[in-house]
Amino acid sequence: MTKVRAPLSFSRAITTVVGVVGWADAGRITGRANRTLRHWSESDRKGTPTLDQAIALDRAFIESGGDYAPILESYARQLNVTLAASMACHAALGEDIAAVSRETADAIGASIKIIQPGASPTAVHRAIAETEEAGVRLTRLLGRLRSFLPGMGPAGDSRGMANG
């Protein structure tokens, strides 16, 4: 039975390399036993090659006719996925900052109208509503800012990844 390997995984990259290079040569290149190589190629096992071993395996793959470096590609794709999430959080922070700025400006503008003679109760209610909305946006911004503290993102992530 063929094991399923995730597309971005190192296990799939190792399997791709070994499929071209062969188990014996991969073992010789890395200085590791066949069993270790098989563990690296299985998604449900822990362990990966060292950086030097990964470079050597990718090089052997290319020298054997491969047209890319599977382990490097796997690492690059995983890094891109991680960066995309981080960049999305920074973008969300920017959106929250902009929303606070807009809502605060609206609250200040509505409140200034109240200091003018003859301000109506409607103007006061509008200033209150705008100020409450600014408060909601500030609370949301506060949560987003806290998510950038070490250990405050999901599973101890420190890249501001809580709240997306």
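The values are calculated or read from the model by the stated rules, or taken from the named source; none is laboratory data. What you see is a predicted model, and the numbers here were worked out from it, not measured in a lab. Glycine gets a Cβ as well: all are built from the backbone with ideal geometry, and neighbour counts include every protein chain shown. Remember, those area values only see protein heavy atoms, side chains included, never the ligands or the DNA or RNA. Shrake-Rupley method; radii C 1.70, N 1.55, O 1.52, S 1.80 Å.
Taking K and R as +1 and D and E as -1, what net charge do the other residues with C-beta under 13 Å from the C-beta of Ala134 add up to? Could you put the intermediate results ahead of the total?
Details: positive: Arg102, Arg126, Arg137, Arg140; negative: Asp96, Glu103, Asp106, Glu130, Glu132, Glu133.
Residues near Ala134 contribute -2 overall.
Quick one: what are the phi-derived ³J(HN,Hα) couplings along the stretch 10-27, Karplus 6.51/-1.76/1.60 with θ = phi - 60°, whole Hz, x for glycine and proline?
These are the phi-based 3J(HN,Hα) values: 5, 4, 5, 4, 4, 4, 5, 4, 5, x, 9, 7, x, 5, 5, 5, 4, x Hz.
If you roll a 1.4 Å probe over the stretch 28-152 with all protein chains in place, what percent of the accessible area is carbon or sulfur? Before the final figure, lay out each step's value.
Numbers: 4870 of 8160 Å².
The C+S portion of the solvent-accessible surface of the stretch 28-152 is 60 percent.
Just one of (i) 41; (ii) 62; (iii) 55 is percent of Cα pairs over 22 Å apart as worked out from the coordinates here. Which one is it?
So the calculated entry is the one marked (ii).
Note the full-extension length gain between Ile128 and Ile112 as 0.36 nm times their separation in residues minus their Cα-Cα distance, in nm to one decimal. The partial results should precede the final answer.
Numbers: separation 16, 0.36 × 16 = 5.76 nm, distance 1.18 nm.
Extending this stretch completely gives an extra 4.6 nm.
In degrees, nearest 10, range 0 to 90: what is the angle between the Cα axis of helix 121-146 and the longest Cα principal axis of the chain?
20 degrees
Write down the accessible area per residue of the stretch 1-90 in Å², having rolled a 1.4 Å probe over the full set of protein chains. Kindly include the intermediate steps, with their values, before the conclusion.
Details: 5660 Å² over 90 residues.
Counting only protein heavy atoms, the per-residue value for the stretch 1-90 is 63 Å².
Work out, step by step, the length gained on full extension between Arg102 and Leu79: first 0.36 nm times the residue separation, then minus their alpha carbon distance; give nm to one decimal. Spell out each step's value before the answer.
Numbers: separation 23, 0.36 × 23 = 8.28 nm, distance 3.45 nm.
Difference between extended and current length: 4.8 nm.
Okay, helix-only estimate at 222 nm for the chain: each DSSP H run of n ≥ 4 adds -39500 (n - 2.57), divide by all residues, round to 500 deg cm²/dmol; what do you get? Please report the intermediate quantities before stating the final value.
Values: 6 runs with 111 residues, N = 164.
When only DSSP H runs of four or more count, the value is -23000 deg cm²/dmol.
Gaussian network model of the chain, Cα springs within a sub-10 Å range: biggest mean-square fluctuation belongs to which of Thr139, Thr48, Thr122?
Of Thr139, Thr48, Thr122, the Gaussian network model singles out Thr122 as fluctuating most.
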